[in-house]
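*Asks:* Provided herewith is a single structure, encoded as structure tokens, for subsequent inquiry.
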Amino acid sequence: MWPCWREKKEKEWGWAVDGDGKIEAVGLDSEIDAALQGCTFDHVIDASGQCVIPGLVDAHTHPVWEGDRVHEFAMKLAGATYMEVHAKGGGIHYTVDCVRRASLDQLYTSLDRRLTAMLTTGTTVVEAKSGYGLDLENETKMLRAIERAKREHAMTISSTYCGAHAIPKLVHFMRFGIDPDYIELISMEYHRKHGRGCNSRRGKCPDPALRELCATGELSIDNIDVFCEKGVFDTDASRRILSTGKDAGWKLNFHGDELFPMNSGELAGELGAHAVSHLENVSVAGIEAMATANTVAVLLPTTAYILRLQHPPARQMIERGVAVALGSDFNPNAYCMSMPLVMHLACVNLHLTMSEALAAATINAAASLGLSESHGSLEIGKNGDMVIINSARWEHLVYQLGCHNQLIKYVIKEGKIVHRQQ
Ligand SMILES: N=CN[C@@H](CCC(=O)O)C(=O)O
Ligand SMILES: [Zn+2]
């Protein structure tokens, strides 16, 4: 038996986690005693007067990269927009250059460090994207770094292939616009036309090659993503790319309606997407389509805050029955690994209540990744992922704007202590 939290007071709750890291019992101390009579525990934590919440789930991150973009932060503060920086070859393109120069080991080392930092802020499940390689070799390198972290790091990771994060710079600049060949190349269309060799002057076709790596067990891709945005991948290109990913059995989880209205909500409904992120410019019809298709809206309050964008209509989504999840959007543009801070921003800027923010950062975020049966709440049979907060009220985690290290006493992952307050 792994850790069991026993509140000393008669009316408080405890949890017991079994040797496989699953929650075995939940209830009042007396009930747990009765249910697990005769069991011995390797570890007991007395959390009297403190709070236990589920491990936080970060539904959207880009954690594999080298080279920060602190220089661009100054440009953006001075008024440059995200797309102006991108169109000049900065932004994602800058990071692509750095990632292409980096070795797999380098990428893994920084990913490992970041995942550990996320754990200390209470995150126990994270979605992690590729998308700074933009060719087969470098997308695979990123996905291999994520795969290694899946095996070696305590964090649970849902991996996302995001080869359609941007049109590669060379292609973009050669054609002065969106290159249909790139869309063809990263979707199955090139493969269908040209057969298995799948080489073009633009490189190798990633999609079938990645499928093969998944089939041999070298990689395990969970989701496919595309940046559905004006000047990047339009709605039709996004549809084609996502459809091929769906054929591969990957869950559709894409960036949409961030800077311009792209009918991404409608597209998500049409394709039965698991999740769409951003949605600052989602339409009413898009919200309806997502509600009907049970597509989770992954909202990223750090991005709208940093880029000074309008905030997504979170209340309207909740009222229309769309499940709202939260993500940190950790990337070189939005350098935030802290879900407690994200929850705070969601309450202040998106008008979520603190309880809604907690649900959005746990069970709804797990649902956006297809993991709600195993993660996101403290129920019997689910993974024993918990955060113990050094306060009688869990709301302090949202209310306090920083210094969460003083609040987070333990982070427990599948029954094991993976972080303890210093
Ligand atoms: N919008 C597209 N992708 C990321 C940003 C990636 C980057 O700027 O490096 C996002 O979700 O915010
Ligand atoms: Zn993103």
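FYI, it's all coordinate maths here, none of it is from the lab. Here the structure is a predicted model, which means the values were calculated and not measured. Heads up, the Cβs are rebuilt from the backbone with ideal geometry, glycines too, and the neighbour counts pull from every protein chain shown.
*Asks:* Just add up the charged neighbours of G19: K/R +1, D/E -1, any other residue whose Cβ is under 13 Å from the Cβ of G19.
*Replies:* -3
*Asks:* Taking only Cα atoms, what is the 0 to 90° angle, nearest 10, from helix 339-349's long axis to the longest principal axis of the chain?
*Replies:* Between helix and principal axis, roughly 80 degrees.
*Asks:* Ok, one more. What angle do you read, to the nearest 10 degrees and between 0 and 90, between the alpha-carbon axis of helix 104-120 and the longest principal axis of the chain?
*Replies:* 40 degrees
*Asks:* Given R₀ = 45 Å, FRET efficiency for S391-L309 by Cβ-Cβ distance, to 0.05?
*Replies:* Between S391 and L309 the formula returns 0.85.
*Asks:* Related question: Quick one: plug the Kirkwood hydrodynamic radius of segment 305-346 (C-alpha pairs) into Stokes-Einstein at 4 °C, 1.567 mPa s, and report D in µm²/s.
*Replies:* Using the Kirkwood radius from Cα pairs, D works out to 112 µm²/s.
*Asks:* Pick out, from L307, S391, L378, the residue whose Cα sits farthest towards the positive end of the charge dipole of segment 290-411, with +1 on the Cβ of Lys and Arg and -1 on the Cβ of Asp and Glu.
*Replies:* L307
*Asks:* Then there's this: For the chain, what does -39500 (n - 2.57) per DSSP helix run (n ≥ 4), summed and divided by total residues, give at 222 nm, in deg cm²/dmol to the nearest 500?
*Replies:* Roughly -11000 deg cm²/dmol at 222 nm, from the helical runs in the chain.
*Asks:* Count the lysine pairs in segment 1-121 whose Cα atoms sit under 26 Å apart, keeping only pairs 8 or more residues apart in sequence or on different chains.
*Replies:* Total qualifying Lys-Lys pairs in segment 1-121 comes to 4.
*Asks:* In addition: Can you give me the distance in nm between label points at E137 and K416, each placed 7 Å from the Cα along the Cα-to-Cβ direction?
*Replies:* Computed distance between label sites E137 and K416 equals 3.6 nm.
*Asks:* Along the positive direction of the dipole of the chain (beta-carbon charges: Lys, Arg +1; Asp, Glu -1; about the Cα centre), which of A34, M75, G55 reaches farthest?
*Replies:* Ranked along the dipole, the leading option is M75.
*Asks:* If you take the beta carbon distance between D234 and T81 as r and set R0 to 22 Å, what does 1/(1 + (r/R0)^6) give as a FRET efficiency, to the nearest 0.05?
*Replies:* Once the sixth-power term is evaluated, E becomes 0.70.
*Asks:* Right, something else. Can you flag which of K246/K409; K169/K413; K141/K251; K129/K416 are past 31 Å Cα-Cα?
*Replies:* Those over the limit are K246/K409; K169/K413.
*Asks:* Here is a further query. Would you tally the net charge around E266, using a Cβ to Cβ cut-off of less than 11 Å, leaving E266 out, and scoring K and R as +1, D and E as -1?
*Replies:* Local net charge: -2.
*Asks:* Let me ask something additional. Under the rule of at least 5 residues apart or a separate chain, name every residue whose amide H is placed under 5 Å from the amide H of I45.
*Replies:* For I45, whose amide H was placed from the backbone, the distant partners under 5 Å are C4, W5, R6.
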